[in-house]
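Let me begin by presenting the structure, written as structure tokens, before commenting on it.
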Amino acid sequence: MSSSSKPLTERIETENGLVDLAAYQRAGGYDAARRVVTSMTPEEVQDLVKDANLRGRGGAGFPTGVKWSFVPKGDAAGPGHKYLVCNADEMEPGTFKDRYLLEYDPHLLVEGMIIGAYAIQADKAYVFMRGEYHEGFRQLSRAIDDAKAQGFLGSNVFGSDFSVDLGIHRSGGRYICGEETALLNALEGKRAQPRYKPPFPPASGAWGRPTIVNNVETLCNVPGILRHGAQWFQDLGNGDDAGTKLYGVSGRVNRPGLWELPIGTSIREIIEEHAGGMQAGYQLRGLLPGGASTDFLVEQHLDLPMDYGSIQAAGSRMGTGTMILMDDSICPVAMSVNLQHFFAQESCGFCTPCREGLPWLESLLIDIEEGRGNPGDLDVLSANASYIGAPGNTFCLHATGAMEPLNSALKYFREDFEAHIERGGCPYREGSA
């Protein structure tokens, strides 16, 4: 794929590092935003993004243009602000794609937010950023200040009648803020707990006003679509989905990292060609394709394209597109303990199955890992994981995501769980795995 087909990273690669305002404008930066606010209607922008088939890159994959169209138009929204919020919290374990964009090409996000705000006629915009992203905060703050100084933000953007203020809210750090209504509660200074729905945020979000929440990578795709058109974006993809995707790999590969590739690139190509394959002496047993809250996939799935439909059909989710690899030196039970410990800690505590169920499942897994498991424990584990993970049995989908790696581990690696119970301990610790 040529650099011109890498709308998210081409400037970073050209500059060999941080893209400042001068470098961004040399590459045509802010031209799309200028044209949008001075010569297009909000409906035209929405329609173009719909036609491009941009799907949310935060994990759910919902069509972005369709989401924008849910915001009430004109007087239907009533008096008051409209909000565009960018989710830059990136708390999904194994995920580091948004951080790369924030640190190296922050103006791309700023331009994407100007266009997105205009499309929904939002006059207030926020970037809800993970508190530990210190460098990303510094670079984005500088980019916002530079854009304001040029008249790209604030009153009368590009000399037009459109105005929008953009600020950064630094998160206190909770995984539950990946749920957009929990994020909005945190933005308002409240406890980060999901809200009852309906109403949904496009009708009543931040401070009770129409609000759209989009992911960093999603918004960074918008300027390219407005510059080059819907067909250009569609042609970047390998299959039914459009555009490129930032794919990442962590684990015992020769070149762990992040790459912008056509969406639909196969799992095998990402691991073997771009990540350099497994390190010598290690074999791949399984992988979580889109962060810790996705179902395991195994060797039979390696030739699947990494797109929304293909991964869902295989029983998992593409999620954030950042893979966590499990090699043959890693105990699946120990890995499950580690994952469930994280999810148990990150429960907001609102509902009983999640608040009480996740720590209880973690304790049962610890017993199995440490040799205190009993016959029948796996049936109890499976039954409770299936109940807790069923959509609708908890207030939000936190517990559902937590159970995806556990249920799939029991499916693909059940013999490892059984060996722990039969042998009264972890075979991996004995060096006999």
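The values are calculated or read from the model by the stated rules, or taken from the named source; none is laboratory data. Bear in mind the structure is a predicted one, so any value in this text is a computation, not a measurement. Note that each Cβ is placed from the backbone with ideal geometry, even for glycine, and that neighbours are counted across all protein chains shown.
Entry remark, segment 45-98: residues being acidic (Asp, Glu) and surrounded by fewer than 21 Cβ atoms within 10 Å (Cβ to Cβ) number 3 in total.
So which residues in segment 26-48 are under 14 Å from Leu108 (Cα atoms) and either out of contact with any Asp or Glu (no Cβ under 8 Å at 6 or more places or on another chain) or basic (Lys, Arg) (or both)?
Arg26, Gly28, Asp31, Arg34
Restricting attention to segment 336-343, does a residue exist that is closer than 18 Å to Glu415 by Cα, in the same structural domain as Glu369 (by TED's automatic domain parsing) and either in contact (Cβ under 8 Å) with a residue 24 or more places away in the chain or aliphatic (A, V, I, L, M) (or both)? Yes, segment 336-343 has at least one match. Yes or no: Glu217 assigned by TED's automatic domain parsing to the domain that holds Gln46, under 18 Å from Met323 (Cα atoms) and surrounded by 15 or more Cβ atoms within 10 Å (Cβ to Cβ)? Yes, satisfied.
On the stretch given as segment 7-29, residues that are touching a helix residue (DSSP H, G or I) at 6+ places or on another chain (Cβ under 8 Å), of a type in the set (Gly, Ala, Ser) and part of a helix (DSSP H, G or I) total 1.
Quick grid of which residues meet (1) part of a strand (DSSP E or B); (2) out of contact with any Leu (no Cβ under 7 Å at 6 or more places or on another chain); (3) touching a residue at least 60 places away in the same chain (Cβ under 8 Å); (4) aliphatic (A, V, I, L, M):
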position	(1), (2), (3), (4)
Asn87	yes, no, yes, no
Glu103	no, yes, yes, no
Leu109	no, no, yes, yes
Gly112	no, no, yes, no
Gly116	no, no, yes, no
Glu132	no, yes, no, no
Glu135	no, yes, no, no
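The number of residues in segment 310-327 being assigned to a loop (DSSP other than H, G, I, E, B) and surrounded by 24 or more Cβ atoms within 10 Å (Cβ to Cβ) comes to 4. Search segment 29-51 for residues that are on the phi > 0 side of the Ramachandran plot and pair each with any residue that is modelled with pLDDT of 95 or more when their beta-carbon atoms are under 7 Å apart and the residues are at least 6 apart or on different chains. Short answer, once both residue conditions are applied: Tyr30/Glu111; Tyr30/Phe152.
Test Glu92 against the stated conditions and say whether it is touching a Phe, Trp or Tyr at 6+ places or on another chain (Cβ under 9 Å) and either assigned to a loop (DSSP other than H, G, I, E, B) or at pLDDT below 95 (or both). Spelling it out, Glu92 is indeed touching a Phe, Trp or Tyr at 6+ places or on another chain (Cβ under 9 Å) and either assigned to a loop (DSSP other than H, G, I, E, B) or at pLDDT below 95 (or both).
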